Structures are given as structure tokens and as C-alpha cells.
Amino acid sequence: MSNLLSLKGIYKSFNKGTIDEMALFTDFNLDIKEGEFVSIVGSNGSGKTTILNIISGSTPIDGGDVCLKDENINKMKEYLRARRIARVYQDPALGTSPNLTVLENLALADNKGHYYGLSFAFNKKKKAEYQELLKSLNMGLEDKMNTKVKRLSGGQRQALALLMATMQPVDILLLDEHTAALDPKTSEEIMELTNRIIKEKHITTLMVTHNLRYAIEYGNRLLMFNQGSIIIDKSDKEKENINVDDLLKTFNEISIECGN
């Protein structure tokens with residue numbers, strides 16, 4: 001498999017020019033192969049969410065290169081990257097429009113990158129297509145097409161956000177703690193749905209999670225971040241041999257080293 005995404009010599013600091021200046025990434029490198037489903041874990045402040053922000057373009061870098069399909073996208077605006085890089089957040093309101101209906105949200109996602117309005121999508125054929133898509137989620141959303149998204153349950157909203165993020169072909173999908181705000185049962189349902197969509201559409205995916213079991217159970221590669229560095233990188237068979245206790249042991253060792 002060839003590299004789909006490459007981060008080369010990334011340097012990123014915060015509070016630049018102040019006494020609180022701190023370099024999170026210094027000469028950070030990461031290659032993601034096409035088709036990989038990568039789980040990323042790490043303590044707060046380890047850099048796992050920041051790396052998603054760097055990839056999506058919401059956080060600029062101070063040095064290095066971000067390359068997508070061998071194209072340097074350092075200067076590409078965030079809204080242009082969004083046509084190729086989909087993202088689902090912990091808060092579904094960031095990936096959906098709460099005051100619009102389910103149907104209107106799907107039309108927006110379906111028209112992503114086009115210049116025509118919603119009216120073009122609102123025909124019987126499209127509505128039927130959307131209803132079938134919603135039915136496949138097994139969340140009862142096919143009966144709520146005219147309901148405003150803010151009135152849906154947390155699980156329904158996150159399922160809709162997942163569907164919207166992957167309606168159009170994308171190069172890479174970023175999942176940013178997308179189950180963290182859900183109750184345990186709903187979280188399990190969303191993870192199963194996530195895994196099914198990724199497999200069916202063969203989407204290269206990076207998933208940041210605090211759930212160590214999810215990190216082990218899902219995907220074919222696992223990364224652990226610590227203070228802007230990757231301290232665990234296991235794929236395929238090596239990843240299958242990792243268990244939660246192994247990860248917890250590493251977390252505890254890091255905490256002791258940091259004086260916590």
C-alpha cells in the first residue's frame with residue numbers, strides 16, 4: 001500500500017513569543033497508508049487532537065510539510081481541504097446544522113463542493129435515496145426526515161454526522177472523540193456503525209479516542225502519543241497482541257515519569 005498522507009518534519013509551538021511558549025511537535029513524522037484505520041490514544045496534551053487539526057488545516061504549522069496523495073497542502077485553506085478530508089467531532093453540532101431538518105442536512109452534505117442550492121436536491125428521487133441511506137443506519141432516522149436535527153437524540157445526531165461526512169467520496173476521515181459524549185450503549189452502536197461504514201466505503205481513517213478498548217478492537221493500526229511523540233506504533237498482527245492492560249501500564253509509566 002502506498003502512503004496516502006505524510007506528515008514530514010512537523011514543528012508546532014504554542015504561545016509563541018511569550019514566557020509560556022511551548023513546542024508540542026518538533027520534527028514529527030507520520031505516514032498513513034491508503035486503506036488504514038488508525039486508532040490514536042494518549043493523555044491530555046499529548047498532541048493527538050492537535051495532529052487532526054493540523055491535517056484538517058484548522059491549526060497552522062510552524063514548519064514541515066503535510067502531503068496528501070503526494071500533494072503538499074500546507075497552503076491549502078481549511079474549506080478546500082474539507083472537500084477531501086471529512087471530520088466527525090465529539091459534538092455533532094460541529095458537523096451538522098442543528099436548526100435545519102435531517103433532510104436539509106443531507107442535501108447540504110450531498111451538494112458539498114457544488115454551487116447550486118438546496119432546491120436542486122429536493123426531488124422525490126433524492127428523498128427516496130436519503131430515506132434508504134437513513135434506514136441503513138438502524139437509528140429510526142428514516143421516519144424523522146422533517147425533524148430539526150437539534151431535536152434528535154445524541155446517538156441519532158452522531159449517526160447523521162457520520163453519514164453526512166461520508167456521503168461524498170473523501171481521501172481521509174478524521175474521527176475526533178466521536179463517541180465520548182454518548183452513553184455506553186449508544187457509544188457501542190456508533191462504533192459498530194463507524195466500523196461498518198469505513199469497511200464498506202474503504203475509507204482511510206484516523207480515530208482519536210480515550211476508550212482503550214475501542215482503540216484495540218477497531219482498526220488495523222494503533223498509535224500512542226506522548227508529549228508530541230509517538231511512543232507506540234503497532235499494526236496488524238502486532239496490534240492484535242496488545243491488550244488494555246498493556247496500554248494502561250504504559251500510561252502509568254508515563255504518569256510516573258511526569259511526576260503525576
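What the table below lists for this structure:
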quantity	calculated
Whichever residue in segment 74-85 is free of Cβ contacts under 8 Å to residues at least 40 places away in the same chain and touching a Ser or Thr at 6+ places or on another chain (Cβ under 9 Å) and, among such residues, is farthest from Ala109 (Cα to Cα)	Glu78
Of residues in segment 1-38 being on the phi > 0 side of the Ramachandran plot and touching a Phe, Trp or Tyr at 6+ places or on another chain (Cβ under 9 Å), the one most open to solvent (accessible area, probe 1.4 Å)	Asp27
Gly47 in contact (Cβ under 8 Å) with a residue 60 or more places away in the chain, open to solvent by less than 10 Å² (accessible area, probe 1.4 Å) and under 18 Å from the mean Cα position of the chain (by Cα)	yes
Elements of type helices (runs of 4 or more DSSP H) in segment 149-260, at least 2 residues being open to solvent by less than 30 Å² (accessible area, probe 1.4 Å) and of a type in the set (A, V, I, L, M)	154-165, 184-201, 212-217, 244-257
Subset of segment 50-70 (residues that are open to solvent by 40 Å² or more (accessible area, probe 1.4 Å) and either farther than 24 Å from Leu80 by Cβ or among the small types (Gly, Ala, Ser) (or both))	Ser58
Selection count, segment 91-130, where residues are at pLDDT below 60 and either polar (S, T, N, Q) or in contact with a strand residue (DSSP E or B) (Cβ under 6 Å, 6 or more places away or on another chain) (or both)	1
Matching residues, segment 71-85, being crowded, with 16+ Cβ neighbours inside 10 Å and either over 20 Å from Ser2 (Cα atoms) or among the basic types (Lys, Arg) (or both)	Met76, Arg81, Ala82, Arg84
Residue match in segment 96-116 (condition: among the hydrophobic types (A, V, I, L, M, F, W, C), without any contact (Cβ under 8 Å) to a residue 24 or more places away in the chain, open to solvent by less than 50 Å² (accessible area, probe 1.4 Å) and in contact with a Leu (Cβ under 7 Å, 6 or more places away or on another chain))	yes
Members of segment 23-45 that are of a type in the set (S, T, N, Q) and over 15 Å from Leu222 (Cα atoms)	Thr26, Asn29, Asn44
Test: residue in segment 154-168 that is among the β-branched types (Val, Ile, Thr) and free of Cβ contacts under 8 Å to residues at least 12 places away in the same chain	no
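Yes/no matrix, rows are residues, columns are (1) within 23 Å of Gln168 (Cα to Cα); (2) without any contact (Cβ under 8 Å) to a residue 60 or more places away in the chain; (3) under 13 Å from the mean Cα position of the chain (by Cα):
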site: Phe25; (1), (2), (3): no, no, no
site: Ser43; (1), (2), (3): no, no, no
site: Asp62; (1), (2), (3): no, yes, no
site: Leu68; (1), (2), (3): yes, no, no
site: Asn72; (1), (2), (3): yes, yes, no
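The values are calculated or read from the model by the stated rules, or taken from the named source; none is laboratory data. Since this is a predicted model, take the numbers as computed values, not measurements. Neighbour counts run over all protein chains shown; Cβ positions are idealised from the backbone, glycine included. Ligands, DNA and RNA are stripped out before the accessible areas are found, and what is left, the full protein with its side chains, is counted by its heavy atoms. Shrake-Rupley method; radii C 1.70, N 1.55, O 1.52, S 1.80 Å.
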